[in-house]
1. Please go through segment 19-68 and pick out each residue that is part of a loop (DSSP other than H, G, I, E, B), touching an Asp or Glu at 6+ places or on another chain (Cβ under 6 Å) and under 29 Å from Val185 (Cβ atoms).
2. Which of the numbered conditions does Thr8 fail, given that it passes all the others? Conditions: (1) surrounded by fewer than 20 Cβ atoms within 10 Å (Cβ to Cβ); (2) assigned to a loop (DSSP other than H, G, I, E, B); (3) not acidic (Asp, Glu).
3. Out of Gly50, Gly62, Gly23, Gly91, I need the residue that is surrounded by fewer than 18 Cβ atoms within 10 Å (Cβ to Cβ), farther than 19 Å from Pro155 by Cβ, within 24 Å of the chain's Cα centre (by Cα) and not acidic (Asp, Glu). Which one?
4. Considering segment 377-420 alone, what residues qualify as being in a strand (DSSP E or B) and among the hydroxyl-bearing types (Ser, Thr, Tyr)?
5. Please go through segment 170-182 and give me each residue that is more than 15 Å from Lys121 (Cβ to Cβ) and part of a loop (DSSP other than H, G, I, E, B), ordered by number.
6. Do we have Ser289 as surrounded by fewer than 20 Cβ atoms within 10 Å (Cβ to Cβ), within 24 Å of Phe336 (Cβ to Cβ) and not basic (Lys, Arg) here?
Amino acid sequence: MKVSMIGTGYVGLVTGLCFCELGHEVVCIDIIDDKVDMVNAGVPPIFEIGLEELLRKHLAEGHFHASAEYDEVLQTDVTFICVGTPSYEDGSLDLRYVKDAADDLGTLLRRKRTRHTVVLKSTVPPTTTEQFVAPILQKRSGKKIGKTIGLAMNPEFLREGSAIKDFLHPDRIIIGASDPRSMQVVRGLYGSFHCPILEVTPTTAEMIKVANNAALATRISMINEIGNVCKALGIDAREVAKGIGMDARIGPAFLKAGAGFGGSCFPKDVKGFIAQAKHLGLEPRIMQSVIDVNEAQPLHLIALLEKHMKLRGKTIAMLGLAFKPETDDVRESRSFPVIELLLRKGAGVKVHDPKAMANFKQFLPDIHYSESAKACVKGADAVLIMTEWPEYSNSKLYGDKLVIDGRGAVKTKNYEGICW
Ligand code: UGA
């Protein structure tokens, strides 16, 4: 099939290139010319394992290109909307880019003679596809949804750092479509997969995505809360996680206690769920607690540090700025609140990250960035580990310095783990 992606960000680019792997022809549309040029030159604008190789392969084979020309949509059969949905102050999601995409697509589709299917991929509050996107598309195109324009919602479950693998080996695919033909078109795109495909309505598909992230975030806050009690009792929360994970009803994944969850998805999507529930007159208590636990969690590291030393005038080395390993993404990284509190308490901070320093610097330019983990640790009074990059697991790095480990990255002589 010929596929266009609106948005050449993380989801648009990974999904587009993976569709090429499945044998489709893809154009990624973006309004930022520099990004389009970079992508067409084989340089991905984000760091993701395997992405550059995939990009170069499909550019060379001629199955893929990026473009700033919206009109190219007209030469394709299906368009995926993969734009960002940032948060407002109250946690609700800002749908302005979804609106822009729907406006532009609708206007273009007025000129198209054959049927076209529009698929929303962005994470959105349930009801967005049917109650927000559909009316815009209909109004702009002058066509009827379900007749000459197909509409579907197909959420993504890609993790940064393993996004290509997650796409190519999914547990399941969720397709929400309001008419059978759109369902067939989206199913056709995934024709070669053997995993279960769940067919639902667009609104159910949207809720499955939000609930999926809410469930995973809840597990993390739950194990962190258990972990804090374990720490107080001298129990290793990792052994407890292993023990409960052996119960088939619970399972072992996403039970890693630590400094809490960051990233562009869990905090935003849980807050979006809370905002929508409140808008409906409901009081989402569990999800609010998931956020509360997550906000308090990284600060436990400072409390542990203070058991050993007064912070005023000390130099603390922080290892890890990315919200998790194998990415340069620092959005909602738990390192931010920890640095903020260290500075407020009068400590000096040196930081290191193998991939994320440039991104972090855009938010906090005035702290000391070290060129290596070794240089960061040198001369520091204590070390905090915030991201479990493999290179931080070398215990020789630390000598007999105090290490407070928020991720279970290492075991050294002078050591405190956050939940063990
Ligand atoms: C998450 C979901 O896992 C994906 O399925 C989803 O598609 C994506 O959000 C999204 O909505 O786009 P991602 O944010 O890339 O993916 O990363 P995760 O691997 O889920 O990790 C999120 C955070 O949770 C990280 O800060 C990580 O350190 C933390 N985490 C994860 C824990 O603290 N403990 C765990 O056991 C697992």
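1. Correct list: Pro44, His63, Ala68.
2. (1)
3. Matching residue, one of Gly50, Gly62, Gly23, Gly91: Gly50.
4. Passing the criteria: only Tyr415.
5. Answer for segment 170-182, where residues must be more than 15 Å from Lys121 (Cβ to Cβ) and part of a loop (DSSP other than H, G, I, E, B): Asp171, Arg172, Ser178, Asp179.
6. In short, yes.
Each row is one residue, and each column tells you yes or no for (1) within 15 Å of the ligand (Cβ to nearest atom); (2) at pLDDT below 95; (3) under 16 Å from Gly258 (Cβ atoms); (4) not polar (S, T, N, Q).
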position: Thr315; (1), (2), (3), (4): no, no, no, no
position: Pro325; (1), (2), (3), (4): yes, no, yes, yes
position: Ser333; (1), (2), (3), (4): yes, no, yes, no
position: Lys345; (1), (2), (3), (4): no, no, no, yes
position: Val351; (1), (2), (3), (4): no, no, no, yes
position: Pro365; (1), (2), (3), (4): no, no, no, yes
position: Tyr369; (1), (2), (3), (4): no, no, no, yes
position: Ala380; (1), (2), (3), (4): no, no, no, yes
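Yes/no per residue for (1) within 16 Å of the ligand (Cβ to nearest atom); (2) outside any loop (DSSP other than H, G, I, E, B):
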| residue | (1), (2) |
| --- | --- |
| Asp100 | no, yes |
| Arg113 | no, no |
| Pro126 | yes, no |
| Lys139 | no, yes |
| Ile164 | yes, yes |
| Gln184 | no, yes |
| Gly188 | no, yes |
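The values are calculated or read from the model by the stated rules, or taken from the named source; none is laboratory data. Keep in mind it's a predicted model, so treat the numbers as computed, not measured. No Cβ is skipped: glycine too gets one built from the backbone with ideal geometry, and neighbour counts run over all protein chains shown.
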